[in-house]
Structure formats: structure tokens, C-alpha cells
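Here is the structure we will look at.
A short reminder: the numbers here are calculations on the coordinates, not readings from a lab. Predicted model, so just to flag it, every value in this text is computed and none were measured. As a convention, Cβ positions derive from the backbone with ideal geometry for all residues, glycine included, and neighbour counts pool all protein chains shown.
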Amino acid sequence: MLKRIDQLPVILTSFAYREEYFPELEGMVATIRDHHPDWHILIGRGPVSGYNTPTLEVESSSSTRGHWSLPVSLDFNNTQNDWYRIAKMKGWWVAQVWHHFRGLVGSPNRVLWFDADGRLNGPLDFEIDPEVETIAGVWWTDVGTPQHQHHICGGLLLFQGGYGGTVHNVVDQWAAECIRSITLPPVQSKYLPGPDTDQCLLTDVLRNDGNQNLVLVKLPYEKYCGIPDRKDGTLKPGVLVAQRMMNEKMRAPEDRNRNWPPPETPRQQHAG
């Protein structure tokens, strides 16, 4: 029997790596608490000094605190690749949450990643079977550029499954691919113009034959990945999940002083 995700216990997780993302993370968490007050929230902030590899402070709504350290260095060189490598920490982070907090919301495990620069304009309403191995996320299709294949987007990702099951294995494979990719030179993506991203690596994992026996819920892009107007920051009607697109400010070093993202209040007023 299908149930709406807002009727189920969920671990909501995200992280902010770089101080510019800290207020974004706080704004995102506030919208989650507004619409899903019973969900368990687990977040990270970094970098934390004094460690040999990139480390984030872990904070959860159950008052659990600690530190998690990436097993490899990010090797920043003040190029766009710095941003891509931070983004690839997502696979590793989700795996950490999956393993360290299994059983927290019962069985099956249910972890939902939400980008720090995302905003929720109402309760999440997509439906899943709460007993089935499932991954849900927004899928991107650009009919204007057929050379770029369909791929899952990384802003909103739900992982549901039993410990040791298919989704568990997907999470571990994704984490391993992200960590491996961080240590290598950038590789041209077959899904997008530019280098591989965390979402491209997850798309590759999902297309492995061994991962076909899971339910893949493809959420509509316009509703669950609303992007603000570049001029005034407004959203189209019907947007439930808004993405503030901090990558437009943070990806390229030359864009760091860009006046972006737009103020939150106008964007919230035009959503709905």
C-alpha cells in the first residue's frame, strides 16, 4: 500500500561545507521543521580544523554530536574542481548516515538527503510503498540536448531499504565511487556538459544490472526542483521544493562576489 512520505518516519540529512553555506543550511532546516516537525534531522558543518582530512561536525535532533572525517583529501586548487569535489562528499555522507543511524526510524531504513540551499514550501507529498526497496529523486530530461542523457538530480534523494539490501548496496557503491572520483582528475560527464558530479555517479550506479530490482520513483522536475528567476528570484506557481542554486555563486572562484542568491522573503511569497 502506498503512503505519502510525510506520513512516514524519516531521517532528513544535509551538510554545509564552507561558511557561505551555513545560513543556507539553517534556512533549509527551518522549512523542514515547519512542515515535518516529527522527522529526525541530522546535519553537518565543516570544515573543522585540527584534522588530517576534511572533517564535519555532526549534529542531530536527538542531541547526538560528533565528527566525521572524509577518508581522502579534497586537495583544493582554487578552481571549479574544488566545488565538484565538495559535492561528491554527498555519497560518502549519506553512507555515514545510513550506517551510523540505522534503526533510528525503524525498519526499513529511510534516509532523505536535502540540499542545504533547498527550501520546502509545504509538506513533501510523493508516495512510496513503505516496505519496498526504493530510491526517489528528481529526474532531468533535456529534449533540446539529446546528447546529454537522462539522469537523477542530487538536490532531493530518498533512500529506503533493509540493512544489507539492494538500496544499502547502492548507497555503499555510490559512496565508493564518489570517494574514488575525488582522488582523480576531472572526467567529462556523459550526462551533462562539464565534469562528472555526485548525481552522475549515482546515475551510473543505478544503471548497474545488479541494482535493477528496486523501485525507482522519478519525481517531476518542475515541482520538486524549482529554480528561481535569475532577475527577481521569484518561483513559478506549484513549486514545492525550491533550489536556491548556490552553485551559481560558489562553483567558480570568479563568481564568489556575485549578488546571489536572492532574498528569501520574495521567493517564498511567489511560491505556491
Exercise for review: Output ³J(HN,Hα) for region 86-96: one whole-Hz value per residue in order, computed from phi by the Karplus curve 6.51 cos²θ - 1.76 cosθ + 1.60 with θ = phi - 60°, and x for Gly and Pro.
Suggested key: 4, 4, 6, 5, 4, x, 4, 5, 4, 5, 4
Review point. Which translational diffusion coefficient, to the nearest whole µm²/s, is obtained for region 3-270 from the Stokes-Einstein equation, given a Kirkwood hydrodynamic radius over C-alpha pairs, 4 °C and 1.567 mPa s?
Key: 69
Check your understanding: Do the sum for the chain: with -39,500 (n - 2.57) for every DSSP H run of n ≥ 4, divided by all residues, what is the mean residue ellipticity at 222 nm, to the nearest 500 deg cm²/dmol?
Key -> -8000 deg cm²/dmol
**Study point:** region 24-136 - percent relative contact order, Cα under 8 Å, separation 6 or more
**Key:** 26
Point to revise | Taking Met28, Met246 and counting other C-beta atoms within 10 Å, the order from fewest to most | key: Met246, Met28
**Study point:** Proximal lysines to Lys236, defined as alpha-carbon separation beneath 16 angstrom and excluding residues fewer than eight positions away on the same chain
**Key:** Lys223
Point to revise | Loop chymotrypsin sites (Phe, Trp or Tyr not before Pro), region 1-51 (other Cβ atoms within 10 Å of the site Cβ: 16 or fewer; DSSP) | key: Tyr51
Exercise for review: Pop out the ³J(HN,Hα) list for region 160-168 in order, Karplus 6.51 cos²θ - 1.76 cosθ + 1.60 with θ = phi - 60°, rounded to Hz; leave Gly and Pro as x.
Suggested key: 10, x, x, 5, x, x, 4, 5, 3
Revision key, fill the gap. Least to most buried among Arg45, Arg180, by other C-beta atoms within 10 Å and fewest first, runs Arg180, Arg45
Study note, to complete from the structure: Ordering 87-97, 66-76 by per-residue average of other C-beta atoms within 10 angstrom, highest first, gives 87-97, 66-76
Review point. Using alpha-carbon pairs under 8 Å, 6+ residues apart, how would you state the relative contact order of the chain in percent?
Key: 19
Practice item. Name the long-range amide H neighbours of Asp129: under 5 Å, sequence gap of 5 or more, or other chain; modelled H, no Pro or chain starts. Key: Lys3
Exercise for review: Using the number of other C-beta atoms within 10 angstrom as an exposure proxy, rank Asp115, Asp204 with the fewest first.
Suggested key: Asp204, Asp115
Review point. How large is ³J(HN,Hα), in whole Hz, for each residue of region 226-237 in order, when computed from phi with the Karplus curve 6.51 cos²θ - 1.76 cosθ + 1.60 and θ = phi - 60°, using x for Gly and Pro?
Key: x, 10, x, 4, 5, 8, 10, x, 6, 10, 5, x
